[in-house]
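Please read the structure below before turning to the comments.
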Ligand SMILES: *[C@@H]1O[C@H](CO)[C@@H](O)[C@H](O)[C@H]1NC(C)=O
Ligand SMILES: *[C@@H]1O[C@H](CO)[C@@H](O)[C@H](O)[C@H]1NC(C)=O
Ligand SMILES: *[C@@H]1O[C@H](CO)[C@@H](O)[C@H](O)[C@H]1NC(C)=O
Ligand SMILES: *[C@@H]1O[C@H](CO)[C@@H](O)[C@H](O)[C@H]1NC(C)=O
């Protein structure tokens, strides 16, 4: 019920460190330029990892700028090690070898994975490399606790359809269930589901997502059912029902930062206490024991010409515009894109590096959410740049925006994490917008406007 502009889950994405102030932004009516064709989930344009998971085809330079999305793969993922987890600055799209990508600090503990959030960091995000186009997705997990701390288990598509379980750290007796269609905020979609102590007890949270019905279950009990037929939106002339291939995401993030908009902070129960008894070993944590995925057959009537990847063939971004094709794409470098997956300015050609002339001449973003906070020695951005081979040409160079913004981001980066940082997200001095008593800071506002176009003053 307490809803702010963007879904909480999307806020995770949006509040990740903004990238260079001058990096092209993307959103409705504003597609990425050819030089940086991929529109990341954060609404910024780039190449490389920008074109992988989360790349929004509707706002990218072309529909095929984003790398094609690996099809659903049924599996039980017991997260007992980091063997199946790769930092997003290393991942080039080979989903046959890695099932999860991470930002932040996942930690192995007791045959499970901890999503951690140390002081002044912005937590951890885990996303599947495979997409799901209808299926039954379960996570056995515990949540974190404390005001301002949010744990989430969600499904999100590249066009921002969303199905959520969210856990507010001040209410450990409820899971908030929610859904969104193409990122459009609807204040009435949220429902609280009762559950016993989400911190102490491992519960199994299940999303059973079918073309016509969607259920949220806890420990095998159906707690909520949504029918597609009840979601008709006459204005948009479509069902506001999650209907496009989505990734599984698990995250722990700091909604309660003073730099975040007040609506977000209030929703999450207040500001985070970094000396909390709920922290251990210096961090907040949520534990994920196991994620299981049972894929359903593609919907009847689906456009199937292959078996490897999902693609969109129309800007509507609805179920009927998704096709399944044989094509697969693995990027040759962090400068490659869906349009040109084999591009590698550092490829060895005839025993020597290809000419410098073929390397990007302009600064271009390569890893969303990681490359904006300035060049932090030893952090993943540096290695991404290094592996891409041209550090000076990349966004890892500190940009004005990061310098101008909050210390949370800066400190987060010092510990090697990524930055979901409210630090800059909340805007540096830009005027805040007020709606329904909720204030949204400058940068987030800019992005929300750009990405979602849904703000009403
Ligand atoms: C869900 O619970 C939270 C408190 O945990 C409350 O603020 C919110 O209004 C509730 N939502 C609904 C729809 O009742
Ligand atoms: C229907 O869709 C339009 C356009 O996307 C959106 O602005 C509006 O909020 C939607 N209506 C509801 C009730 O969600
Ligand atoms: C897409 O959804 C419509 C309802 O909006 C349904 O009639 C159609 O069968 C669906 N198509 C696919 C391929 O899922
Ligand atoms: C089916 O998908 C393929 C691949 O995207 C596309 O070329 C073709 O036009 C689609 N057919 C229909 C009827 O939408």
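The values are calculated or read from the model by the stated rules, or taken from the named source; none is laboratory data. Just so you know, these numbers come straight off a predicted model, no measurement behind them. Every residue, glycine among them, receives a Cβ derived from its backbone with ideal geometry; neighbour counts consider all protein chains shown.
Against the definition (at pLDDT 95 or above and out of contact with any strand residue (DSSP E or B) (no Cβ under 6 Å at 6 or more places or on another chain)), how does residue 260 come out, yes or no? First the steps, then the outcome.
Values: at pLDDT 95 or above: no; out of contact with any strand residue (DSSP E or B) (no Cβ under 6 Å at 6 or more places or on another chain): yes.
Here the answer is no, as residue 260 does not meet what is asked.
All conditions but one from (1) more than 16 Å from ligand 2 (Cβ to nearest atom); (2) surrounded by fewer than 16 Cβ atoms within 10 Å (Cβ to Cβ); (3) not assigned by TED's automatic domain parsing to the domain that holds residue 82 apply to residue 325; the one that does not is (2).
Answer with yes or no whether residue 276 is away from ligand 2 (no atom under 16 Å from the Cβ), touching a strand residue (DSSP E or B) at 6+ places or on another chain (Cβ under 8 Å) and not in a loop (DSSP other than H, G, I, E, B).
So residue 276 fails the test.
Just to verify a result, which residue in the range 270-296, among those that are farther than 22 Å from residue 112 by Cα and touching a residue at least 40 places away in the same chain (Cβ under 8 Å), is nearest to ligand 1 (Cβ to nearest atom)? Break it down into steps so the answer makes sense when it comes.
Initial filter on the range 270-296 (farther than 22 Å from residue 112 by Cα): 270-276, 295-296.
Restricting the remaining residues to those that are touching a residue at least 40 places away in the same chain (Cβ under 8 Å) gives 270-274, 276, 295-296.
Working: 270: 12, 271: 17, 272: 17, 273: 18, 274: 22, 276: 18, 295: 31, 296: 29 Å.
Filtering first and then ranking leaves 270.
Residue 182 - would you say it is within 16 Å of ligand 3 (Cβ to nearest atom) and at positive phi? Even if it seems obvious, please write down each step before you answer.
Working: within 16 Å of ligand 3 (Cβ to nearest atom): yes; at positive phi: yes.
Answer is yes for this residue.
Say we look at the range 61-97 and pick out the residues that are buried (at least 18 other Cβ atoms within 10 Å of the Cβ) and free of Cβ contacts under 8 Å to residues at least 40 places away in the same chain; which of these is farthest from the chain's Cα centre (by Cα)?
As a first pass, look at the range 61-97 and keep what is buried (at least 18 other Cβ atoms within 10 Å of the Cβ): 61, 64-72, 77, 79, 85-89, 91-93, 95.
Then drop every residue that is not free of Cβ contacts under 8 Å to residues at least 40 places away in the same chain, which leaves 86, 95.
Details: 86: 15, 95: 17 Å.
Filtering the range 61-97 for residues that are buried (at least 18 other Cβ atoms within 10 Å of the Cβ) and free of Cβ contacts under 8 Å to residues at least 40 places away in the same chain, the one farthest from the chain's Cα centre (by Cα) comes out as 95.
Identify the residue in the range 280-316 that is in a loop (DSSP other than H, G, I, E, B) and more than 15 Å from ligand 3 (Cβ to nearest atom) and, among all such residues, is surrounded by the most Cβ atoms within 10 Å (Cβ to Cβ). Talk me through it step by step, then tell me what you get.
Step one: list which residues in the range 280-316 are in a loop (DSSP other than H, G, I, E, B), which gives 281-282, 296-302, 305-308, 313-316.
When the remaining residues are screened for being more than 15 Å from ligand 3 (Cβ to nearest atom), the result is 281-282, 306-308, 315.
Values: 281: 10, 282: 12, 306: 14, 307: 10, 308: 16, 315: 12.
Checked the range 280-316; the qualifying residue surrounded by the most Cβ atoms within 10 Å (Cβ to Cβ) is 308.
Which of the residues spanning the range 317-331 are within 11 Å of ligand 3 (Cβ to nearest atom) and either without any contact (Cβ under 8 Å) to a residue 12 or more places away in the chain or outside any loop (DSSP other than H, G, I, E, B) (or both)? Listed by number, the residues that qualify are 319, 320, 321, 322, 323, 324.
Just to be sure before I move on: is residue 219 under 26 Å from residue 114 (Cα atoms), away from ligand 1 (no atom under 15 Å from the Cβ) and surrounded by fewer than 17 Cβ atoms within 10 Å (Cβ to Cβ) in the structure I sent?
Criteria met by residue 219.
Does residue 158 satisfy the condition of being under 30 Å from residue 28 (Cα atoms) and in contact with a helix residue (DSSP H, G or I) (Cβ under 8 Å, 6 or more places away or on another chain)? Before you say what the answer is, go through the steps one by one.
On the way: under 30 Å from residue 28 (Cα atoms): yes; in contact with a helix residue (DSSP H, G or I) (Cβ under 8 Å, 6 or more places away or on another chain): no.
It is false that residue 158 is under 30 Å from residue 28 (Cα atoms) and in contact with a helix residue (DSSP H, G or I) (Cβ under 8 Å, 6 or more places away or on another chain).
Among the criteria (1) crowded, with 22+ Cβ neighbours inside 10 Å; (2) at pLDDT 95 or above; (3) away from ligand 2 (no atom under 16 Å from the Cβ); (4) not in a strand (DSSP E or B), the one residue 160 does not fulfil is (3). Output the residues belonging to the range 193-216 that are surrounded by 13 or more Cβ atoms within 10 Å (Cβ to Cβ), within 16 Å of ligand 1 (Cβ to nearest atom) and either under 22 Å from residue 301 (Cβ atoms) or without any contact (Cβ under 8 Å) to a residue 40 or more places away in the chain (or both). Passing the criteria: 193, 195. The residues in the range 163-184 that are part of a loop (DSSP other than H, G, I, E, B) and out of contact with any helix residue (DSSP H, G or I) (no Cβ under 9 Å at 6 or more places or on another chain) can be counted, and the count is 6.
Just so you know, in the range 222-248 the residues that are buried (at least 24 other Cβ atoms within 10 Å of the Cβ) and away from ligand 2 (no atom under 15 Å from the Cβ) include one that is farthest from residue 56 (Cα to Cα), and it is 248. Could you tell me whether any residue of the range 303-315 is under 30 Å from residue 48 (Cβ atoms) and within 16 Å of ligand 2 (Cβ to nearest atom)? Yes, that holds for at least one residue. Taken over the range 100-109, the criterion of being crowded, with 23+ Cβ neighbours inside 10 Å and in a loop (DSSP other than H, G, I, E, B) is satisfied by 104 alone.
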